[in-house]
Amino acid sequence: MTESIRVLVCDDQVLVRTGLVTIIDAQPDLEVVGECEDGRTAVDLAGRLHPDVVVMDVRMPVLDGIEATRLLAGAGVRRPVKVLVVTTFNLDTYVYEALRAGASGFLLKDAPPSQLLHGIRTVATGAALLDPEVTRQLVGRYAARIRPPEGAPDDIPLTPRELEVLRLIANGLSNSEIAATLVISQETVKTFVSRILTKLGLRDRVQAVVYAYRQGLVT
């Protein structure tokens, strides 16, 4: 029997949090292991309960969801937790900051329950929730903010072919589109993507897109 995906729900609105918990707990493959109303408590509970996914609100007391995400999944975190940010605020800055903080996905609270459940399952597998094209447009809009001021890329430990694949990922191409562009199989593309993420110490395609813009590989 497959183990359930362990979920921690963090939202300061009791009715919203209760609704999320009810929807998630009703699924046979999902289990809510904890709930809380602020980011600081979320960080503490995550350290004790070891959830597979944290469903995180943005605007909360004590510690907001962006800072909590950074503590749970940001750069330098020894054991990062997968975070799915769910908020009522459809603002580019929130999406951008959430991804920069280490979130694996972003959803609006008015999304249907099926989309929330799909998001949790997707993030739990280690995949990014955002569509590559959406991610490309979003991160591209903030490229000037995430690229180092000097504009000089660090030494990038990738082969020329891997760099080519990384640029295509950052330009919003799916695996099938990359395969068609380079005239290689999708399995080969998957191998390249896996190598790129491993060599660069990145968790998913979202982080790969941010990395590519940060290094000036795409504009």
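The values are calculated or read from the model by the stated rules, or taken from the named source; none is laboratory data. Model, not experiment: these values are computed from the prediction. Using ideal geometry, Cβ is built from the backbone for each residue, glycine included, and neighbour counts are taken over all protein chains shown.
When you go through Glu31, Glu37 one by one, which is the residue that is among the charged types (D, E, K, R), touching a residue at least 12 places away in the same chain (Cβ under 8 Å), surrounded by fewer than 20 Cβ atoms within 10 Å (Cβ to Cβ) and touching a Cys at 6+ places or on another chain (Cβ under 9 Å)?
Just one listed residue meets the conditions, Glu37.
Report those strands (runs of 3 or more DSSP E) wholly inside the stretch 23-130 carrying at least 2 residues which are closer than 14 Å to Arg203 by Cα and in contact with a strand residue (DSSP E or B) (Cβ under 7 Å, 6 or more places away or on another chain).
82-87
Okay, residues lined up against (1) assigned to a loop (DSSP other than H, G, I, E, B); (2) of a type in the set (A, V, I, L, M); (3) closer than 24 Å to Gly102 by Cβ; (4) in contact with a Lys or Arg (Cβ under 7 Å, 6 or more places away or on another chain):
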residue: Glu162; (1), (2), (3), (4): no, no, yes, yes
residue: Leu166; (1), (2), (3), (4): no, yes, yes, no
residue: Glu177; (1), (2), (3), (4): no, no, no, no
residue: Ala180; (1), (2), (3), (4): no, yes, no, no
residue: Lys190; (1), (2), (3), (4): no, no, yes, no
residue: Thr198; (1), (2), (3), (4): no, no, yes, no
residue: Arg203; (1), (2), (3), (4): yes, no, yes, no
residue: Tyr211; (1), (2), (3), (4): no, no, yes, no
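Provide a single number: the residues in the stretch 152-181 that are among the aliphatic types (A, V, I, L, M) and over 17 Å from Thr198 (Cα atoms).
So the answer is 6.
Starting from residues that are over 21 Å from Val83 (Cβ atoms) and either of a type in the set (Ser, Thr, Tyr) or in contact with a helix residue (DSSP H, G or I) (Cβ under 8 Å, 6 or more places away or on another chain) (or both), keep the ones in the stretch 199-216 and report whichever is modelled with the highest pLDDT.
Across the stretch 199-216, the extreme among qualifying residues is Lys199.
Report every pair of residues separated by at least 6 positions or lying on different chains whose Cβ atoms are under 6 Å apart, first residue within the stretch 159-171 and within 12 Å of Thr191 (Cβ to Cβ), second outside any loop (DSSP other than H, G, I, E, B) and aliphatic (A, V, I, L, M).
Filtered contacts from the stretch 159-171: Glu162/Ile196.
Pick out the one residue from Val58, Val85, Val77, Val43 that is in the same structural domain as Ala103 (by TED's automatic domain parsing) and either in contact (Cβ under 8 Å) with a residue 60 or more places away in the chain or surrounded by fewer than 19 Cβ atoms within 10 Å (Cβ to Cβ) (or both).
Being in the same structural domain as Ala103 (by TED's automatic domain parsing) and either in contact (Cβ under 8 Å) with a residue 60 or more places away in the chain or surrounded by fewer than 19 Cβ atoms within 10 Å (Cβ to Cβ) (or both) holds for just one of Val58, Val85, Val77, Val43, which is Val77.
To keep it simple, each residue is scored yes or no on (1) surrounded by 14 or more Cβ atoms within 10 Å (Cβ to Cβ); (2) charged (D, E, K, R).
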position: Pro160; (1), (2): no, no
position: Glu164; (1), (2): yes, yes
position: Ser176; (1), (2): no, no
position: Ala179; (1), (2): yes, no
position: Val183; (1), (2): no, no
position: Val189; (1), (2): yes, no
position: Phe192; (1), (2): yes, no
position: Arg195; (1), (2): yes, yes
position: Leu217; (1), (2): yes, no
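Here is a list: Thr181, Thr188, Thr219. Which entry is modelled with pLDDT under 90, farther than 28 Å from Val77 by Cβ and not assigned by TED's automatic domain parsing to the domain that holds Ala73?
Residue meeting the stated conditions: Thr219.
Every residue in the stretch 2-16 that is touching a residue at least 24 places away in the same chain (Cβ under 8 Å) and out of contact with any helix residue (DSSP H, G or I) (no Cβ under 8 Å at 6 or more places or on another chain), please.
Matches in the stretch 2-16: Thr2, Ser4, Asp12, Gln13, Val16.
Quick one: count up the residues across the stretch 61-74 that are in contact (Cβ under 8 Å) with a residue 40 or more places away in the chain, touching a helix residue (DSSP H, G or I) at 6+ places or on another chain (Cβ under 8 Å) and of a type outside the set (A, V, I, L, M, F, W, C).
Looking only at that region, the number is 1.
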